[in-house]
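Please read the structure below before turning to the comments.
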Amino acid sequence: MTLTPEQKDIIDKYVKKPEWRVAGKRADFNAIGERFGVSPVVARVITNRGVTGEKAIAMYLDGGWDSMHDPALMKDMVEAGEIIKEKLSDNRRIRIISDYDVDGVTSNYILLLGLGEHGRRCTELR
């Protein structure tokens, strides 16, 4: 779509341009990185995500299964599990649909591997 000069002027005047802002939290990123064996850049990212303090940083970097949230707390997770079990026992097809961001692709792949572990032949829609 081609814009007229007048339309461009209106957009320039009234539409806010996106801005990138980096959180400016202060900490000794070199010391944090050294303490936990990560680069100062990783230390900055962790700090900017609001993870601060020895215990919180250690859990963020090295947390085990016991620090994970119960997946059943996710909305409709129990129902989804029941549907999958039913489809598996009835030997019916299961279609996996996800979005293309990192958690969507990752969860899709994990589910695909899990279904393969149960002997399901998984194919890709094109």
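Side notes on the structure shown:
- Near V38, no amide H atom lies under 5 Å from its own; only residues 5 or more places off or on other chains count, and H is placed 1.01 Å from N.
- The residues of segment 11-94 expose on average 89 square angstrom of accessible surface per residue, using a 1.4 Å probe on protein heavy atoms.
- The phi-based Karplus calculation (6.51 cos²θ - 1.76 cosθ + 1.60; θ = phi - 60°) puts the 3J(HN,Hα) values of segment 33-50 at x, 5, 4, 9, x, 10, 6, x, 5, 5, 4, 5, 4, 4, 4, 5, 7, x Hz, whole numbers, x for Gly and Pro.
- Dipole magnitude of segment 31-126, debye to nearest 20 (Cβ charges: Lys/Arg +1, Asp/Glu -1, about Cα centre): 320 debye
- If the convex hull is drawn through the Cα atoms of the chain, its volume per residue in Å³: 239 Å³
- For the chain, a Gaussian network of Cα nodes joined below 10 Å ranks E19, E34, E86 by mean-square fluctuation, and the top entry is E19.
- Label-to-label distance for D9 and N48 is 3.9 nm, based on points extended 7 Å past Cα in the beta-carbon direction.
- Each residue of segment 64-80 was assigned a 3J(HN,Hα) from its phi angle through the Karplus curve 6.51 cos²θ - 1.76 cosθ + 1.60 (θ = phi - 60°); the sequence is x, 4, 5, 8, 7, 6, 5, x, 5, 6, 5, 4, 6, 5, 4, 4, 4 Hz, with glycine and proline shown as x.
- Shown for the chain: the carbon plus sulfur share of the solvent-accessible area, taken with all protein chains present and a 1.4 angstrom probe, equals 57%.
- Each of the peptides 111-123, 44-56 was scored by the mean count of other Cβ atoms within 10 Å over its residues; in descending order, highest first, they stand as 44-56, 111-123.
The values are calculated or read from the model by the stated rules, or taken from the named source; none is laboratory data. Since the structure is predicted, the reported quantities are computational estimates derived from the model, not experimental observations. Methodologically, a virtual Cβ is constructed for each residue, glycine included, from the backbone with ideal geometry; neighbour enumeration extends over all protein chains shown. For the accessible areas, the whole protein counts, side chains as well, though only heavy atoms, and no ligand, DNA or RNA atoms are used. Shrake-Rupley method; radii C 1.70, N 1.55, O 1.52, S 1.80 Å.
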